[in-house]
Amino acid sequence: MRILVTGGAGFIGSALIRHLLNDTEHQVLNLDKLTYAGNLESLASIADSSRYQFLQADIIDQVAVSAALAQFQPDAIMHLAAESHVDRSIDGPAAFIQTNIVGTYSLLEASRAYWSGLAGAHKQAFRFHHISTDEVYGDLHGVDDLFSESTPYAPSSPYSASKAASDHLVRAWQRTYGLPVLLTNCSNNYGPYHFPEKLIPLVILNALDGKPLPVYGNGQQVRDWLYVEDHARALLKVVSEGQVGETYNIGGHNEQKNLEVVQSICELLDELAPRAPAGSYKEQISFVADRPGHDQRYAIDAGKIERELGWKPEETFASGLRKTVQWYLANLDWCRRVQDGSYQRERLGALKEHDR
């Protein structure tokens with residue numbers, strides 16, 4: 001297939017493109033705006049492939065996107081371009097509304113025009129795959145409850161509300177215009193090449209620098225963790241074999257409390273990069289004011305994608321976390337370069353008193 005990936009220089013997008021170039025014969029056009037979280041270094045290993053192209057463009061720019069579609073003639077669009085950090089959405093929701101909602105609308109319209117102009121088997125085979133998050137479902141209250149594909153939406157943050165809106169737009173374009181869409185909602189991703197504003201890379205780097213390891217509230221919030229390379233394999237399964245109009249939840253079967261995640265990272269660092277002077281990195285853990293509107297628990301029922309498409313995660317949380325910590329220890333120079341001065345691992349998303 002010829003696959004256009006939006007947001008392919010981001011964390012999940014770059015993992016997907018590395019998978020497509022390393023493990024398939026598909027051709028890829030990576031369309032990315034290159035915001036702070038997009039980094040072409042994440043794609044250095046495949047950048048010289050004859051099956052790979054890169055275009056710097058904003059999904060809001062319908063003219064640029066339409067021209068790219070006309071030139072590349074994709075069989076599928078995999079839409080990952082998004083503002084994605086909850087804390088940043090609390091500080092500045094406008095960018096999330098623009099990219100995640102207006103950008104998705106613009107991409108849908110360009111895609112609809114392109115698809116309408118196709119004919120025969122090419123038109124029949126075309127797919128628009130929208131990649132979203134489990135955060136659209138809001139908070140799970142029961143200890144045994146799981147998000148399923150039919151769970152009602154109840155987003156809590158500007159980020160999750162913007163992603164919920166984009167999901168609704170994609171479904172509406174299928175219902176109203178017949179655009180052949182697929183949707184996936186995933187749990188928390190982790191792994192190599194993750195911009196160090198998210199919990200796992202932030203904890204690794206702060207620990208190594210001897211800084212406090214901030215845990216929001218009491219640290220008992222539960223998340224389901226999905227190794228990013230498992231996610232990439234699932235996305236390829238869905239775009240290749242998924243049923244048009246269907247939603248597939250992708251989870252790692254790895255529920256962990258936030259405090260347990262931080263403690264596990266500390267234990268791995270104690271083993272792989274012992275602290276000097278002696279002692280455990282756990283001594284650096286500190287508890288800070290909770291995130292405004294913080295959801296208590298997410299957990300995904302990924303049974304549908306396993307039953308219908310035969311996908312299940314290969315990594316346990318223990319194996320994936322070890323690989324992740326080892327990767328960061330071996331790539332500290334990458335971490336320093338990607339932070340480019342715009343973010344120094346400071347706390348984001350803490351409301352000031354006048355905002356409350």
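The values are calculated or read from the model by the stated rules, or taken from the named source; none is laboratory data. Please read these numbers as outputs of a predicted model, since none were measured by experiment. Every residue, glycine among them, receives a Cβ derived from its backbone with ideal geometry; neighbour counts consider all protein chains shown.
Listed by first and then second residue, the pairs linking a residue in segment 278-307 that is under 24 Å from LEU202 (Cα atoms) and in contact (Cβ under 8 Å) with a residue 40 or more places away in the chain to a residue that is crowded, with 18+ Cβ neighbours inside 10 Å and among the basic types (Lys, Arg), with Cβ atoms under 6 Å apart and 6 or more places separating them unless they lie on different chains, are TYR298/ARG223. The numbered conditions (1) of a type in the set (S, T, N, Q); (2) surrounded by 19 or more Cβ atoms within 10 Å (Cβ to Cβ); (3) at pLDDT below 95 are all true for GLN263 except (3). Beta carbons closer than 8 Å, at least 6 apart along the sequence or on distinct chains, pair a first residue in segment 136-161 that is touching a residue at least 24 places away in the same chain (Cβ under 8 Å) and on the phi < 0 side of the Ramachandran plot with a second that is of a type in the set (Phe, Trp, Tyr) and surrounded by fewer than 21 Cβ atoms within 10 Å (Cβ to Cβ) for VAL136/TYR153; TYR137/TYR153. For segment 165-176, the criterion of being of a type in the set (Ser, Thr, Tyr), touching a His at 6+ places or on another chain (Cβ under 8 Å) and surrounded by 14 or more Cβ atoms within 10 Å (Cβ to Cβ) is met by at least one residue. Quick one: would you say GLY38 is assigned to a loop (DSSP other than H, G, I, E, B) and under 17 Å from ASN189 (Cβ atoms)? So GLY38 fits the description; yes.
Taking segment 89-112 only, how many residues are of a type in the set (A, V, I, L, M), out of contact with any strand residue (DSSP E or B) (no Cβ under 7 Å at 6 or more places or on another chain) and in contact (Cβ under 8 Å) with a residue 60 or more places away in the chain?
At the first step, the residues of segment 89-112 found to be of a type in the set (A, V, I, L, M) are 90, 94-95, 97, 101-102, 107-108, 110.
In the following step, the residues that additionally are out of contact with any strand residue (DSSP E or B) (no Cβ under 7 Å at 6 or more places or on another chain) were identified as 90, 94-95, 97, 101-102, 108, 110.
Narrowing further to those that are in contact (Cβ under 8 Å) with a residue 60 or more places away in the chain: 90, 97, 101, 108.
Adding up the residues that qualify gives 4.
Residue check: is ILE285 within 21 Å of the chain's Cα centre (by Cα) and at pLDDT 90 or above? When the stated conditions are applied, ILE285 does not pass them.
Right, ASP23: over 20 Å from GLY191 (Cα atoms), of a type outside the set (Gly, Ala, Ser) and surrounded by fewer than 24 Cβ atoms within 10 Å (Cβ to Cβ) or not? No: the conditions fail for ASP23. A Cβ distance below 9 Å, combined with a sequence gap of six or more or placement on separate chains, defines the contacts here; from segment 260-277, residues that are on the phi < 0 side of the Ramachandran plot and among the polar types (S, T, N, Q) reach residues that are surrounded by fewer than 20 Cβ atoms within 10 Å (Cβ to Cβ) and modelled with pLDDT of 95 or more in the pairs GLN263/LYS282; GLN263/ILE285; SER264/ALA318. Collect the residues in segment 68-107 that are of a type in the set (Gly, Ala, Ser) and either assigned to a loop (DSSP other than H, G, I, E, B) or closer than 30 Å to GLU241 by Cβ (or both), keeping them in residue-number order. ALA68, ALA70, ALA76, ALA81, ALA82, SER84, GLY92, GLY103, SER106, listed by residue number. GLN53 falls short on exactly one of the conditions (1) of a type outside the set (A, V, I, L, M, F, W, C); (2) part of a loop (DSSP other than H, G, I, E, B); (3) surrounded by fewer than 18 Cβ atoms within 10 Å (Cβ to Cβ), and that condition is (2). Summed over segment 56-75, the residues that are polar (S, T, N, Q) and either in contact with a Pro (Cβ under 6 Å, 6 or more places away or on another chain) or in contact (Cβ under 8 Å) with a residue 40 or more places away in the chain (or both) give a count of 3.
For residues that are among the acidic types (Asp, Glu) and surrounded by fewer than 18 Cβ atoms within 10 Å (Cβ to Cβ), scanning just segment 109-148, find the one that is nearest to PRO292 (Cα to Cα).
From segment 109-148, those among the acidic types (Asp, Glu) are 109, 134-135, 139, 144-145; that's our starting set.
Pick out the ones that are also surrounded by fewer than 18 Cβ atoms within 10 Å (Cβ to Cβ) and you get 109, 139, 144-145.
Working: GLU109: 35, ASP139: 13, ASP144: 25, ASP145: 23 Å.
Restricting to residues being among the acidic types (Asp, Glu) and surrounded by fewer than 18 Cβ atoms within 10 Å (Cβ to Cβ), the top hit is ASP139.
Step by step: first the residues of segment 288-305, then only those that are surrounded by 15 or more Cβ atoms within 10 Å (Cβ to Cβ) and either among the charged types (D, E, K, R) or within 20 Å of LEU213 (Cα to Cα) (or both), then the one that is modelled with the highest pLDDT. Which residue is that? Among them, the one singled out is LYS304.
Residues considered: ASP91, ASP61, ASP23. Of these, the only one that is modelled with pLDDT under 95, among the acidic types (Asp, Glu) and at negative phi is ASP91.
Residues considered: LEU259, LEU236. Of these, the only one that is aliphatic (A, V, I, L, M), closer than 30 Å to PRO152 by Cα and in contact with a strand residue (DSSP E or B) (Cβ under 7 Å, 6 or more places away or on another chain) is LEU259.
For segment 216-234, give me each residue that is over 12 Å from GLY310 (Cα atoms) and part of a helix (DSSP H, G or I).
VAL228, GLU229, ASP230, HIS231, ALA232
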